[in-house]
Amino acid sequence: MINIQQVTKKYGSFTALEGVDVTIDRGEFVAILGPSGCGKTTLLKLLAGFMKPTDGQIEMDGAVAASHRRLLPPEKRNIGMVFQSFALWPHMTVAAHVEFALHHHTNSKKMGKKDRDARVKDVLQMVGLEPLAQRYPAELSGGQKQRVSLARAIAALPNVLLMDEPLSALDVELRMEMRKEIQSIHRQTNASIVFVTHDQGEALAMADKVIVMNKGRIEQIASPEILYTQPETEFVAQFVGKCNLIKGVWKDDHFVPEKYPWERWGDSGVRKTLKSRGLYPVRPEQWKIDRGEGNGIMGRILFAQYQGKEVHYTVQVENEKWTVHTSADESRLQPGDHVTLSLGVSNKQEELQP
Ligand code: ADP
Ligand code: MG
């Protein structure tokens, strides 16, 4: 439905995006994930139609919406937008914000007053704001304000909802609550969502597909599960969850760690790029850790952090520090303890869907 082809965007001589290729299907929930300054907002602005790409093109519903010489303006695209700053009008009530959005959207310009009122009511109900319809922004909490900007964005039933770090101004608890709310809105509206975030937890938790960006380029596009279990690059391995990158030699279907040549590790979906760089990614929870010297990689506990369900260890292995997570039920290790690390087997459980 949206096809971004070889898009490059320069600001003067600075290249903010380079050779970006992405497709977004109807109804898909896509997260754009990357550190500050990597070009996430630039990509979203191009999708919104606020500016032209320097090179490449963007197709929407089969027609070219943007290239270096063509630009379909935002109001002609069937989109809704939500920003980090809620951008509300102080003199307008909650209901008036939604009504205003409806009034000015091409989709609903011809709507009669009665239909419009009904739609405002529906939308406010969807985001749980109906009882507050007559309040002004100054009378709302942060979470309620963000709900108003969500309601405004979905009022005209857009095909695509663009969200630029919509939850980062909220406190932790509210952020968790709003994650569910946005997922619920996604299910009710069938709109595609493009959700920008620098928070890997948020991207993994919410999206069907995650686009990981770094320095204006795409590092990997994959489902949250593939991204976590099969990172394509060093950047992805370390930006998405904690990861120990072990150096060694790849031989066809197994890996021999450089410092522990008596070990043989299986392939388990390690990607080409990491293989060609002689690396093996190990997630903190994949390690099996035993007290004392044994059959495996020897190390010493540097730090132990109790987390309730898990204990997080930092283990000194020769001149490197590795991260190991274990269940808190296991016998607890203390800084200074000598330990042996080996690759454990994770027993996978079936996931439940809503
Ligand atoms: P993100 O949203 O991932 O933090 P942005 O897309 O806002 O990143 O910015 C990407 C890069 O482009 C940054 O280095 C930023 O400083 C630069 N940039 C963004 N907007 C402009 C602009 N209007 N003029 C010049 N440089 C810009
Ligand atoms: Mg940004």
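The values are calculated or read from the model by the stated rules, or taken from the named source; none is laboratory data. All of these numbers come straight from a predicted model, not from anything done at the bench. When we count neighbours, we look across all protein chains shown, and the Cβ atoms used for this are built from the backbone with ideal geometry, even at glycine.
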inquiry  = Among the numbered criteria (1) free of Cβ contacts under 8 Å to residues at least 24 places away in the same chain; (2) charged (D, E, K, R); (3) over 21 Å from LYS209 (Cα atoms); (4) in a helix (DSSP H, G or I), which one does GLU225 miss?
reply    = (3)
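Specify which of the listed residues (ALA191, ALA207, ALA222, ALA203) is among the hydrophobic types (A, V, I, L, M, F, W, C), within 16 Å of ligand 2 (Cβ to nearest atom) and in the same structural domain as ALA155 (by TED's automatic domain parsing).
ALA203
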ask   = Residues of the stretch 1-42 being more than 18 Å from the chain's Cα centre (by Cα), in a strand (DSSP E or B) and away from ligand 2 (no atom under 16 Å from the Cβ), which ones?
value = ILE2, ASN3, ILE4, GLN5, GLN6, VAL7, THR8, LYS10, THR15, GLU18, GLY19
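Of the residues that sit in the stretch 43-61 and are within 15 Å of ligand 2 (Cβ to nearest atom) and buried (at least 22 other Cβ atoms within 10 Å of the Cβ), which one is nearest to HIS186 (Cα to Cα)?
This residue is LEU47.
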note = The lone condition ASN295 fails out of (1) surrounded by 13 or more Cβ atoms within 10 Å (Cβ to Cβ); (2) outside any strand (DSSP E or B) is (1)
ask   = Does the stretch 39-72 hold any residues that are more than 12 Å from ligand 1 (Cβ to nearest atom) and touching a helix residue (DSSP H, G or I) at 6+ places or on another chain (Cβ under 7 Å), and which are they?
value = ALA48, GLY49, PRO53, ILE58, ALA66
query = How many residues are touching a residue at least 60 places away in the same chain (Cβ under 8 Å) and either touching a Gly at 6+ places or on another chain (Cβ under 7 Å) or farther than 22 Å from LYS76 by Cβ (or both) when one looks only at the stretch 3-27?
reply = 7
ask   = When both residues are 6+ apart or on different chains and their Cβ atoms are under 7 Å apart, which pairs have a first residue that lies in the stretch 150-177 and is β-branched (Val, Ile, Thr), and a second that is within 16 Å of ligand 1 (Cβ to nearest atom)?
value = VAL160/VAL194
request  = Kindly list the number of the only condition in (1) within 16 Å of ligand 1 (Cβ to nearest atom); (2) surrounded by fewer than 14 Cβ atoms within 10 Å (Cβ to Cβ) that fails for PRO90.
outcome  = (1)
inquiry  = Consider the stretch 247-270. How many of its residues are crowded, with 17+ Cβ neighbours inside 10 Å, modelled with pLDDT of 90 or more and of a type outside the set (A, V, I, L, M, F, W, C)?
reply    = 2
